Amino acid sequence: MLRALLKQALNVTPVTTAANHSDSRMKRIAILTAGGDTPALNASIYGAVVRANQLKIEVFGLIKGFNSLFNPRVPHVHLNPLFCSIPELDPTKGGTILGGSRDYVDPNDKQQLEQIFGYLRRLGIEGLICIGGDGTLNGLQPLCARLPTVLCPKTIDNDLGLNYSCEVDEHERTPCSDPPGYKYCKNPPRVVMDPEQMINYATPGYATAVYVSAGGVERIRTTAESHRRIAIVEVMGRHSGFIALGSTYGQPDLVLIPEAPVNMELVIERVKEIYDIQKNVVIVCGEGIVDSTGAPLGAARRSTDPAGNLQLTGASESLRDQLIDALGDDYFRNSRRGQGASEVVFTRKIGHTQRGGRPIAFDRFYGAQLGGKAVDMLFEGQNDAVAILQYNNEQGFYVDSIGGNAFRDRWGHIHARAVHPAFYDAEHMRPSPMGIEYLLPIFTDAIGRDDVEHIRETLFDSGNLFRPYHSVNTDINKRIRFLSDE
Ligand code: F6P
């Protein structure tokens, strides 16, 4: 049923271009998934394959993102033999059947680039779709010089986008020595925020991450209520607070986002006020929250992932330590039968559960549409371009495309989109009216009836108790082919 609906959604009139009628039309493209996974990746791959089937284009899936192209054997899977998608490609399954990695092409390594173009030529690849976020948009640029390459967006962080089109011009950079390179800072916004002007209103993966996070917050609440506790729930998102903002659906008392430095005195004052009345407090914090000097509260482990991103950790723990110090044991002794602050204040990370599992309807539907759009973009001859999901009141959500340079500042750098100050009420530590206005179109109908039915049908399926988990990787492994086999 869902597959039929997605097919219907993608069943747009074939684009008629000169390429369509000549022998030089595109015959084979490749697709890869790069960066951290999201629950909507298979939906985007599926959308791309369905559209390619309509256009009679072969799709080769590259295994483990750009990593496939560093391997002389270029492991890959033919995703649509005879223009039918392989059965393992299920848009309702989270993760990516192609595997992902945070490896990116080094634009300065000319030899490696030559090798990559050689591999792709031998495979007969005429265009490439990279499903990824800002790191991937950076990573695909060196390929665009010789191969039409487009980005199909994904990221649970919802940070691939612009709050308005001239936002990239608001960045300044200064050289710095530790680490060597440049430090970027953003001037205050010059444009009055209007959510309908956003470029890439929401990225596939975000809605499901919020669904999981808000559900986690909601569940923590009742146990915090029962045991008179203060819960700090840490959500992902790096330096962008969109997931934290969306977690407001779980009705936390306070929401702290990385874009607004934490005012500790205000947090303590509010926590006391709330605890005095209801004897429990739930705080959501983004993993990248910063103190009044701009220093990350967490990041105790100052290490970076292969893409050079700082691995953020410890924000909620640091917040807990500060709350324990400030509130002290005496504050709790009367209401807690002798228990002290360290027993009352606890932290929980939603962690990778917000990145996994079945995508909710919003992500499946628009993830698939964006995948289909990316194929159309290649077919129309676009290069270094991004498929985007736009929203306005009149049309609702619709897919479009934009040149990759729209996201690059004058030095070519791509910045993660931050939550605009107009979306957040820093005094009350919750979304502002405009922040709420932003969230509503995404989430009001984000969960499909089939999502609810799916829980009913599958979670307590008695077969789960004795049937071992069957990983799709085992089936995909049997389909992997290598350049030498071609
Ligand atoms: O960018 C997606 C994301 O999930 C971030 O929100 C988070 O900081 C990071 O990836 C975690 O990465 P990893 O799975 O490599 O620890």
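Here is a yes/no grid of residues against (1) under 21 Å from Ala361 (Cα atoms); (2) over 21 Å from the mean Cα position of the chain (by Cα):
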residue	(1), (2)
Gly35	no, no
Ile45	yes, no
Ala48	yes, no
Gly65	no, no
Ser68	no, yes
Pro72	no, yes
Pro75	no, yes
Thr92	yes, no
Given the residues Leu123, Leu151, Leu137, which is the only one that is of a type in the set (A, V, I, L, M), more than 16 Å from the ligand (Cβ to nearest atom) and in the same structural domain as Ala52 (by TED's automatic domain parsing)?
Leu123
Of the conditions (1) surrounded by 19 or more Cβ atoms within 10 Å (Cβ to Cβ); (2) part of a helix (DSSP H, G or I), Gln382 clears all except one; give me its number.
(2)
Look at segment 370-403 and say how many of its residues are of a type in the set (Phe, Trp, Tyr) and free of Cβ contacts under 8 Å to residues at least 24 places away in the same chain.
1
Looking only at helices (runs of 4 or more DSSP H) that fall completely inside segment 414-486, which ones have 1 or more residues that are surrounded by 15 or more Cβ atoms within 10 Å (Cβ to Cβ)?
433-443, 449-458, 472-479
Single residue of Gly118, Gly133 found to be crowded, with 20+ Cβ neighbours inside 10 Å and either among the β-branched types (Val, Ile, Thr) or at negative phi (or both)
Gly133
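The rows are residues; the columns are (1) at pLDDT 85 or above; (2) surrounded by 20 or more Cβ atoms within 10 Å (Cβ to Cβ); (3) part of a helix (DSSP H, G or I); (4) of a type in the set (A, V, I, L, M, F, W, C).
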| position | (1), (2), (3), (4) |
| --- | --- |
| Gly294 | yes, no, no, no |
| Gly298 | no, yes, no, no |
| Leu323 | yes, yes, yes, yes |
| Tyr331 | yes, no, yes, no |
In segment 396-413, the residues that are of a type in the set (Lys, Arg) and part of a strand (DSSP E or B)
Arg408
Can you name every residue in segment 28-50 that is more than 18 Å from Thr92 (Cβ to Cβ) and away from the ligand (no atom under 15 Å from the Cβ)?
Arg28, Ile29, Ala30, Ile31, Leu32
Pairs where the first residue, in segment 278-294, is farther than 15 Å from Ile257 by Cβ and free of Cβ contacts under 8 Å to residues at least 60 places away in the same chain and the second is more than 14 Å from the ligand (Cβ to nearest atom) and among the aromatic types (Phe, Trp, Tyr), C-beta under 8 Å, 6+ apart
Val281/Tyr275
Could you go through segment 368-377 and let me know if any residue there is away from the ligand (no atom under 16 Å from the Cβ), within 30 Å of Gly396 (Cα to Cα), β-branched (Val, Ile, Thr) and buried (at least 24 other Cβ atoms within 10 Å of the Cβ).
yes
Could you identify the single residue in Phe466, Phe443, Phe460 that is within 20 Å of Tyr206 (Cα to Cα) and among the aromatic types (Phe, Trp, Tyr)?
Phe443
Which residue out of Asp157, Asp109 is charged (D, E, K, R) and within 17 Å of Thr203 (Cα to Cα)?
Asp157
Residue that is surrounded by the most Cβ atoms within 10 Å (Cβ to Cβ), among those in segment 247-279 that are under 29 Å from the mean Cα position of the chain (by Cα) and polar (S, T, N, Q):
Ser247
Taking the criterion of being modelled with pLDDT of 95 or more, more than 15 Å from Ile29 (Cβ to Cβ) and buried (at least 18 other Cβ atoms within 10 Å of the Cβ), would at least one residue in segment 139-153 satisfy it?
yes
Which condition from (1) part of a helix (DSSP H, G or I); (2) hydrophobic (A, V, I, L, M, F, W, C); (3) within 16 Å of the ligand (Cβ to nearest atom) is the one that Val233 breaks?
(1)
Considering residues that are surrounded by fewer than 20 Cβ atoms within 10 Å (Cβ to Cβ) and either under 18 Å from Leu41 (Cβ atoms) or in contact (Cβ under 8 Å) with a residue 12 or more places away in the chain (or both), the number found within segment 76-91 is 7
Within segment 145-207, which strands (runs of 3 or more DSSP E) (wholly inside it) include 2 or more residues that are more than 19 Å from Ser44 (Cα to Cα) and either touching a residue at least 12 places away in the same chain (Cβ under 8 Å) or under 22 Å from the mean Cα position of the chain (by Cα) (or both)?
171-176, 181-186
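The values are calculated or read from the model by the stated rules, or taken from the named source; none is laboratory data. Since this is a predicted model, take the numbers as computed values, not measurements. Ideal geometry is used to build each Cβ from the backbone, glycine not excepted, and the neighbour counts take in all protein chains shown.
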